[in-house]
Amino acid sequence: MAAGSGNDGRGGVHAQKVCGFFLQHKGRPCRMLVKAGRRYCGQHLVEENSQETTGQHKRIPCPLDPKHSCFEHRLEHHLTICNARVVMDLPHLRPNCNLRVCGDDVPSKVPLSSLPDEVLLAFISKLERIHAGNALLQTPLTLSESRFFVWMR
């Protein structure tokens, strides 16, 4: 084993090159590598900056996604390239659209046999109108037997 290779002989890395942040929920220290002269990895530099902020750039949690951090002086640039921004800008995304309002009653499941005939017939006619208007349902998909048996093998 070469001296200074960074390995301790068991495939691990020297303790001074590993992040010193302790992960409470996992019950172990962070195993990410750190830059030379640093105590924490890039993810946990926020912890280092909260303790000592002299002469170095401060890291802050990302305002779009607090799961990661960015440099405070580069925040404007980070907001233009952050992956969380892409999710926020989607036109079809409506946050909490499936969330029930506290006052909403949960509809109970009703068996079809208990519905009145008028309601059931109206439901069936509505389904038939939807089916007739959908072009994808009009053309049946065909699969020749020879292709099917080749696919099954």
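The values are calculated or read from the model by the stated rules, or taken from the named source; none is laboratory data. Since we're looking at a predicted model, the values are computed, not measured. Using ideal geometry, Cβ is built from the backbone for each residue, glycine included, and neighbour counts are taken over all protein chains shown.
Laid out as a table, the results:
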| item | result |
| --- | --- |
| Pair list, Cβ under 6 Å, 6 or more apart: segment 51-66 residue over 17 Å from residue 41 (Cβ atoms), other residue modelled with pLDDT under 85 | 64/84; 64/85; 65/84 |
| Hey, residue 19 modelled with pLDDT of 75 or more and touching a His at 6+ places or on another chain (Cβ under 6 Å) or not | yes |
| Tally, over segment 58-78, of residues that are farther than 20 Å from residue 23 by Cα and either in a loop (DSSP other than H, G, I, E, B) or in the same structural domain as residue 23 (by the TED database) (or both) | 3 |
| Among the residues listed as 75, 136, 115, 120, the single one being at pLDDT below 80 and either surrounded by 12 or more Cβ atoms within 10 Å (Cβ to Cβ) or not aromatic (Phe, Trp, Tyr) (or both) | 136 |
| Residue within segment 81-95 that is of a type outside the set (A, V, I, L, M) and at pLDDT 80 or above present | yes |
